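Written below as structure tokens is the structure these notes are about.
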Amino acid sequence: MRIAYDVTPLSHPRTGVGNYVLGALQGMVEASAGEHELVAFGPVSIRGRPLLDEALDGTAATRRLVTVPFAHATRRAWSKLGRPPTERFVGDFDALHFTDWMYPPQRSGIRATMIHDLGPLKYPEKLHPRTVSMHTTNAEQARRCDVVFANSEFTANDVVETLRIPRERIRVAYPGVSRAFVSEGARHDAGRPYAFTTATPDWRKNLETLRAAWRELEEELALVTVADLGYVPSAELPALYRGASVFVYPSRFEGFGIPVIEAMACGVPCVVSAHPSLDEAAGDAAVRADPDDADALAAAVREALARHDDLVGRGLEHARRFTWLETGRVHLQGYAEAL
């Protein structure tokens, strides 16, 4: 197969979606073992092009990238106009996989996309209107796809119930853990024992409740947050995880929750929100707590510290289930079955 794969999210600093896009692409390249051609394509901004090139460095995918001055406007106009077809830029293909950044036209081949979560459709009042609009459009476009990938069974079921897409057209492709996330290696030094969280002030990520919980814990542990550190490149995350006494993920809603399995792979006991969207990421390897109950979060942190060895062992075993190679295999199989 020749697969055209939209990599435009990699032109911005990588968070969960960007990490998934890159991991899935690398997994497909590895799983195909030269049998299939992966074509990374998309119009990207002048400023974002170096980030994208850096992300793709070392990935054996054909590149068909166009650098444009106003990338967002270009992607939006191309999607709405419906021409020219993607084949004009990348040549013929068997499958086109687009992200929620654009929905480019095509002449032939199967059509595929990925839904990471339906949070923007469920909680539109909590998010920027542009974000809601982009995800709403992607959801509408997903109904027209031959195959739709979801990053968890929770999200797959949500897609069936909310978007009425038949379950047989959906494939669950769990995220993987990159090879950098291991228990051995450099550890961040915060000057004293600390808890680490990737929570931000965003409503879903729920940093405010965690800060409220820390009023009980601040004398026992420091709280290191990405909100205080600023953007943390992926290469610096393993040391932050490994140096922590506990990792806390108090999210109110997720598609999967990649940081949970990254932290587990780094040998850190985890406290994870009790919301069912995080059941698959947490497995039986984390202490769960109501994300809106500060006292419950504080108690869960103390429990995780007391159960350190048990949770670390469970977490390492659980995290081994998730590889980008398997993510790539699921994608390739999904395309092949839809042809």
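Would you look at the GNM of the chain, springs on alpha carbons closer than 10 Å, and say which of A319, A73, A244 moves the most? Largest GNM mean-square fluctuation: A73.
Distance between the C-alpha centres of region 102-137 and region 184-214: 29 Å, rounded to the whole angstrom.
Working note: Debye formula, equal point scatterers on the alpha-carbon atoms of region 2-48, no solvent; log10 I(q)/I(0) at q = 0.27, 0.31, 0.34 Å⁻¹ is -0.99, -1.13, -1.22. Loop-located trypsin sites (Lys or Arg not before Pro) across region 37-109 with a Cβ neighbour count of 14 or fewer within 10 Å are R47, R107, with loop assigned by DSSP.
In plain terms, the bigger the Kirkwood radius, the slower the diffusion; for region 22-71, with that radius from Cα pairs, at 4 °C and 1.567 mPa s, Stokes-Einstein puts D at 112 µm²/s. Size of region 255-339 from its Cα atoms: along the principal axes, largest to smallest, the extents are 52, 27, 15 Å.
The Cα trace of region 194-269 gives Rg and Dmax of 11.7, 34 Å, the first to one decimal, the second as a whole number.
3J(HN,Hα) couplings calculated from phi for region 62-69 with the Karplus curve 6.51 cos²θ - 1.76 cosθ + 1.60 (θ = phi - 60°) are, in sequence order, 5, 10, 10, 10, 10, 8, 10, x Hz; Gly and Pro show x.
In plain terms, the bigger the Kirkwood radius, the slower the diffusion; for region 1-102, with that radius from Cα pairs, at 20 °C and 1.002 mPa s, Stokes-Einstein puts D at 156 µm²/s.
Over the residues of the chain, the helix contribution to mean residue ellipticity at 222 nm works out to -11500 deg cm²/dmol, using -39500 (n - 2.57) for each DSSP H run of at least 4. Explain nothing, just compute: Karplus ³J(HN,Hα) = 6.51 cos²θ - 1.76 cosθ + 1.60, θ = phi - 60°, for every residue of region 189-202 in order, whole Hz, x for Gly and Pro. So the Karplus estimates, Gly and Pro as x, are 10, 9, x, 7, x, 9, 9, 10, 9, 9, 4, 10, x, 3 Hz.
Rg/Rh, computed from the Cα trace of the chain with Rh as the Kirkwood radius, has the value 0.97. A run of the chain free of exposed loop cleavage sites, with GluC sites (Glu not before Pro) counted only in DSSP states other than H, G, I, E and B and at most 14 other beta carbons within 10 Å, reaches its longest extent at 36-183.
Rule-based calculations on the coordinates, nothing more; no lab input. These figures come from a predicted structure and were not determined experimentally. Virtual Cβ from ideal backbone geometry, glycine too; neighbours counted across all protein chains shown.
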